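One structure is given here, and the rest of the page talks about it.
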Amino acid sequence: MFKLELKTVVLFGIIFCISIGSLQMIAAAEVESDKNGKTSKVPVPDKGVAIVLRAPMSKNPHVVKVSENQKEDTLSGFTVSLPKNTPIFFRVDQVNTVLYTVKITVKGEAKNVDKPSGEPSTVYGIIEKINENLRHWRAKESEASKVVVKAMEGLKAKVLTVKELDGKLDEHLHGSEIPEFYEGKIAENFEKIKTDAINAAKGKFDLERGTSVEICNDIEAAIAAVHEAYAPIKDNPPSWIPKDLSDTSTPERVKFVDALLQITKKFQEIQGATWAENDSQDRLLDERIEYICVITPKPEYSKKLTSEMFVVTVTSTTNLSGIHTTVGAFISTLHDESYTKIDKKIALGGQHRLSRSFGGLAHLPLWSRNSGNFRWAAAVSGGIAGIASISEQSVKLDFKNAQPMFGVSAILAGKTSDSLFVLTVGGIAKSVQRLNGYQEGNAYPVDPKNLTTNVDKLGWFFSVTFSYDILGRLNRKITSSSKK
């Protein structure tokens with residue numbers, strides 16, 4: 001008797017749980033994956049949360065909410081809802097800050113416009129000048145010239161080594177541009193860029209620790225050797241060769257120093273990279289904050305890489321208020337009574353003790369609260385059932401037998417979604433079949449046409465109803481797709 005009612009309630013319950021709960025399972029899986037890596041601690045303001053745009057240049061950029069105990073929840077889409085007056089810290093992480101410049105602004109605030117950088121200096125011009133100098137001294141074939149040639153060849157070797165190291169560093173850096181880089185332990189993959197850079201420096205320069213200071217010392221030793229080689233012949237080295245890497249006395253020497261130091265600066269950037277960019281300040285959520293994140297390749301990589309822009313919106317969670325409508329299944333204690341003839345007398349026939357129907361309710365919340373990932377409310381509700389009847393064989397529309405009802409409801413909704421799950425209990429007025437002036441045990445009439453008649457009765461009902469924010473969901477999917 002209760003088989004169909006149970007199936008109906010369970011089915012609707014499963015649908016709702018999947019729509020809300022699946023996001024939680026995905027979040028838990030993401031957090032567990034990060035815990036296996038070496039995710040750095042995210043700064044969280046007192047009594048507030050941190051909002052993180054994670055892995056923006058991957059195929060799966062996503063937003064993570066981090067609480068004070070470093071618990072991470074991966075959210076759906078790029079919109080976050082929090083209680084009003086929550087302190088918020090925002091950052092972008094798991095992004096290659098050596099390849100890209102990350103600019104975070106808040107809508108409505110003035111933007112600082114960075115002046116475009118000029119073309120970076122390169123080592124190619126230095127190598128050409130060294131080769132020209134070598135041709136000049138090799139032609140002399142004197143002992144003094146051989147000393148100069150040896151020193152210049154040493155300097156050329158160091159410059160070529162710097163060039164090769166630059167290529168190796170770029171090779172490791174561009175690993176973050178491959179989709180596979182973001183599979184598995186992403187935090188460890190970013191840290192591996194640092195260790196690979198150190199190993200490359202050790203290998204190329206035969207260094208003990210592989211630091212930028214050691215590289216600079218090695219280059220300066222080669223520059224000093226050139227100056228020493230020129231001293232016995234009472235001549236000055238070419239004007240474009242500086243005395244050391246701090247010598248910027250002429251434009252030519254500036255270019256020489258910049259070209260070599262650009263690689264050491266890149267090495268320093270890699271070693272000091274946190275692979276994250278933070279907002280300039282903590283902010284207190286009023287109604288809405290829109291973080292605009294523009295990620296652009298640095299000038300030397302602009303020809304190979306592309307820019308991306310993301311907008312992460314934080315809104316204040318509102319209590320459930322106003323009138324909400326839902327539709328769903330109803331179970332009522334009111335039912336038609338059917339009668340049959342037994343021994344020529346009127347007898348009660350077999351029947352269901354509960355009636356099933358389909359209808360809609362309007363809800364007015366009287367009390368509402370927000371907690372965790374949900375909002376809930378207690379409401380008074382009214383509506384109409386019986387616009388469709390449900391049987392084990394079929395579902396039929398039946399507007400003539402619409403039944404008014406009134407009751408109290410428990411409403412459950414997501415933090416930002418207008419999709420509702422509602423349990424309602426209350427009273428219902430319904431026209432049902434009853435004996436028309438007869439009683440059980442009376443003689444069964446010859447013409448049973450008027451044996452029963454419709455009688456208005458009051459009873460109880462229970463309903464499980466839903467609403468689904470279809471337009472809102474479609475809009476979020478379109479917005480999310482456009483960000484990618």
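Read-outs: derived from the displayed coordinates by stated rules, not from any lab. Values in this document were obtained by computation on a predicted structure and should not be read as measured data. Don't worry about glycine lacking a Cβ; one is built from the backbone with ideal geometry, like all the others, and counts go over all protein chains shown.
Region 301-326 and region 427-444 have Cα centres separated by 59 Å. Sorting 442-448, 229-235, 97-103, 240-246 by average packing, meaning the other beta carbons within 10 Å per residue, from highest down gives 97-103, 240-246, 229-235, 442-448.
Given a Förster distance of 60 Å, report the FRET efficiency between D282 and N236 from their Cβ-Cβ distance, rounded to the nearest 0.05. Taking R0 as 60 Å, the efficiency between D282 and N236 is 0.60. Among the GluC sites (Glu not before Pro) in region 138-180, those placed in a DSSP loop whose Cβ has at most 15 other Cβ atoms within 10 Å are E141. Identify the residues of region 284-307 with backbone N under 17 Å of a label point that sits 7 angstrom from the Cα of D46 along the Cα-to-Cβ direction, or state none. Label zone hits: 284-285. Under a Cβ-Cβ cut-off of 9 Å, what is the net charge of the residues other than D196 that fall near it, where Lys and Arg count +1 and Asp and Glu count -1? With Lys, Arg at +1 and Asp, Glu at -1, the net is +2. The residues neighbouring L334, those whose beta-carbon lies less than 12 Å from its own, together hold a net charge of +2 under the Lys/Arg +1, Asp/Glu -1 convention. For the pair E132 and K457, label points projected 7 Å from Cα toward Cβ lie 10.8 nm apart. Measuring between alpha carbons in the structure, the pairs from K163/K255; K158/K243; K129/K303; K146/K202; K107/K304 lying more than 18 angstrom apart are K129/K303; K146/K202; K107/K304.
Each Lys or Arg adds one and each Asp or Glu subtracts one; over the other residues with Cβ under 11 Å from the Cβ of G175, this totals -4.
Loop-located GluC sites (Glu not before Pro) in region 208-263 (DSSP state other than H, G, I, E, B) with a sparse environment of at most 13 neighbouring Cβ atoms within 10 Å: E208.
Close amide-amide hydrogen proximity is noted between Y100 and K298, each under 5 Å apart and 5 or more residues distant or on a separate chain (H modeled in the peptide plane; Pro and chain starts excluded).
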